[in-house]
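> Following this message is one structure expressed as structure tokens.
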Amino acid sequence: MRRLFLPLTIVAAGMFMCAPFLIDGAPYESTMGLVQKIFYFHVPSAMTMFVSAIVCGVASAVYLFKGRPAADRLAAAAAELTSVFGIIVLVTGPLWARKAWGVWWVWDERITSTFVLWLIFNAYLLLRKYGGPGSERLAAGLAVFGMANVPFVYWSVNVWRTLHPKTTVVPTLQPGMRGPFWFCVTAFLLFYVLALSARAHLEARRAELETLYLDIEE
Amino acid sequence: MNFVQTVWLVVRKDVLVEARSREIVYTTLFFAVACVLVFAFGFVNEGRPVTDAAPGILWIAIAFSGTLALGRAFERERQNETLRALMIAPVDRPALYVGKLAGILLLLTVVEVIVVPLVALLFHAPLFSRPALLAALLAAGTTGFAAVGTLFAAMLVRARSRDVLLPVLLYPITIPVIIAGVRGTAALLQADVDVPMARAWLSMLVLFDVVFVTLALWTFEPLMTE
Amino acid sequence: MAPDFSSVTLTDVTRTFGRRRALHRVSLHIRAGELVAIVGPNGAGKSTLLAVLSTLLQPTSGDIRYDGLSSATAGPALRARIGLLGHDLYLYPELSPAENLRFFAGLYRLDNVHERIAAALERADLADRRDDAVAGFSRGMRQRLALERALLHDPRLVLLDEPFTGLDDASARALRDRLAGLRAGGCLVVVITHDLDTVDGLADRALMLQKGRLMELLECQGSLRERYRAALADAPPPAAGRL
């Protein structure tokens, strides 16, 4: 992973530079016009956020049941990124909503549920920060519960009619839109993987430093 | 049978301890009633109560007073470190969780017996048009809330800032429960009662309960052992 | 049923709490019929060591075996043979002594509950207060009750954290006799104490914990107290070795 990091970063940067051009070239959506194009960043961010939540949940489960510190570090990194991508989703969403539907916020299930998920992973970060020693384990428990909530979150949109485009919008995309969309998804996921590994690596270094401090204190 | 025996012992002990001082019951009850009143003042318009607010206020009162009760219940175990004595006993640890959960559910049932009629009264809300369905919603919702709450309160016993961290952790996770509870109750309050909708929300609550109680049983031991 | 083990072995046990290392590579071997006294300044890690021995705490690294079994594999059956009297007494203040003992007797699945409780209350000299809430008891009374609670199930590994606190002379003497009896009966007894005179002559070995490291108090002239003072006055503690 270490050796690939720099080349992949360049690739990701390149993809993000190309993205606007691809998005520009994509056809306009019939009803919403130009504004709809925020979808190319909004939806991949949402997908990345969910992926990150699941990564955090799985890593936390591994840490909780197998006790591997590397899993805990990965979980901490993933939680932070869940929060970051959550911010992106929760900012681009209302921006789109304002232009498309005239209001900044609607209390439909998906927006609300994404917000809730974001809150859960922020709670994770608060717990790690303020819970005192041993809070890594407790945070892992929270993350597992948070991840178990994800299906309830995703499922709720299919129970109710909502203003939000249904989840099945992706397969019904016009052919011209599919290319840029999946390109953006790839770009976001690549960026996510890079950020995750960098952050986890930082945590590993920090843990090493802690051990060294402890040894010196003897 | 060991599991059930342990659960029974823990519940009996909790009821006995509570019966002596009655502190948690009285304070939680009082707090729930005060909660309802405070919210009522926010929603009563020119002397006429906003009936639509009734489900929300009911479930918020349950959530808030539940959190308080959970905090107090585990603070009690923390004071003499009796939770350690329980952990060191040769019992199935998940049984301790179920025992504590049962105790909290008993307490919240007592609270709801008082608060539900109170809300119906204050908000002119026909909460008792479908008593069975309402009871089922309350049972499933309270169980979901308490299941997650008991686990979190137990695992936070040894953490710093545990008083503020319990609500911080608990409320986001139990939002689906509150939503389902409120929507389900609201469906029952409509002029033409929407039974299928209420049933749908009830099903979601039951599913939530099953998933999260199982998860709690599974994670109780790793979370409680240091 | 439950394994009656005859030795406890700690190997290089370290226990860290965040940035604080409470135990540093502690190695220890205790045999049945031994009474080990653990002494040391405050904050040395004595209670942590007891917690690790009792399976309440997992070591951060290192190993602990009860006759070759680890606590993970042995599970509840192992805990049935361990008795712990902690610093906080593990009593429910709202309940009476009889109710406290009955609850724990139930948890430990003991038989002859009635007789056991009666005998325990007799020994603790609390028979006349058996139905009063523990909240109203003095420290000494609670200490005696807590001790009986810890020993109610006839544990094999007896772990006592400052058991002489708050005891008057008569109770302290009774406790000494009790400990001698346990030792003679083949139990493994570990006692943390500040009151060095009480375990003088009773303990087979005395170990000192300082800053998480364990060292044996050397055989030399004088009482335990003198040996302890001498050890404390020494320069940095020696490297941890097998004891």
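Every number here is computed from the coordinates shown, using simple stated rules; none is lab data. It should be emphasised that the depicted structure is a prediction, and the values quoted were computed from it without experimental measurement. Because the Cβ atoms are built from the backbone with ideal geometry, glycine has one as well, and the counts that use them run over all protein chains shown.
> Considering each of A:M47, A:M17 in turn, give the residue that is of a type outside the set (F, W, Y) and either in contact (Cβ under 8 Å) with a residue 24 or more places away in the chain or outside any helix (DSSP H, G or I) (or both).
Just a single option satisfies the conditions, and that option is A:M47.
> Please pick out the residue among B:V210, B:V182, B:V177 that is assigned to a helix (DSSP H, G or I), touching a residue at least 60 places away in the same chain (Cβ under 8 Å) and either hydrophobic (A, V, I, L, M, F, W, C) or away from chain A (no Cβ under 12 Å) (or both).
B:V182
> Here's something else I'd like to know. Conditions: (1) in contact (Cβ under 8 Å) with a residue 40 or more places away in the chain; (2) more than 16 Å from B:D14 (Cα to Cα); (3) of a type in the set (K, R). B:K100 meets all but one. Number of the miss?
(2)
> Could you list, in sequence order, all residues of the range C:90-112 that are within 22 Å of the chain's Cα centre (by Cα), more than 8 Å from chain B (Cβ to nearest Cβ) and not in a helix (DSSP H, G or I)?
C:L110
> Can you pull out the helices (runs of 4 or more DSSP H) entirely within the range C:122-231 that have at least 1 residues that are more than 20 Å from the chain's Cα centre (by Cα) and in contact (Cβ under 8 Å) with a residue 12 or more places away in the chain?
none
> Further, regarding this structure: Just to check your reading of the model, which residue among A:W118, A:W101 is under 24 Å from A:F188 (Cβ atoms) and either of a type in the set (F, W, Y) or within 14 Å of chain C (Cβ to nearest Cβ) (or both)?
A:W118
> Oh, and also: Does B:L170 meet the test of being away from every other protein chain (no Cβ under 12 Å) and buried (at least 18 other Cβ atoms within 10 Å of the Cβ)?
no
> Within the range C:73-89, can you find the residues that are more than 7 Å from chain B (Cβ to nearest Cβ), surrounded by 22 or more Cβ atoms within 10 Å (Cβ to Cβ) and assigned to a helix (DSSP H, G or I)?
Within the range C:73-89, C:L78 is the sole residue that qualifies.
> For the range C:9-65, how many residues meet the condition of being at negative phi and assigned to a strand (DSSP E or B)?
Selection size over the range C:9-65: 28.
> On to the next question. Take A:S45 and tell me if it is under 30 Å from C:A72 (Cβ atoms) and of a type in the set (S, T, N, Q).
no
> What do you reckon, is B:I24 within 30 Å of B:F128 (Cα to Cα), of a type outside the set (S, T, Y), in contact (Cβ under 8 Å) with a residue 40 or more places away in the chain and within 13 Å of chain C (Cβ to nearest Cβ)?
Considered against the rule, which asks whether it is within 30 Å of B:F128 (Cα to Cα), of a type outside the set (S, T, Y), in contact (Cβ under 8 Å) with a residue 40 or more places away in the chain and within 13 Å of chain C (Cβ to nearest Cβ), B:I24 comes out as yes.
> Out of all the residues in the range C:154-184, which are β-branched (V, I, T) and surrounded by fewer than 21 Cβ atoms within 10 Å (Cβ to Cβ)?
C:T165 - this is the single residue of the range C:154-184 that is β-branched (V, I, T) and surrounded by fewer than 21 Cβ atoms within 10 Å (Cβ to Cβ).
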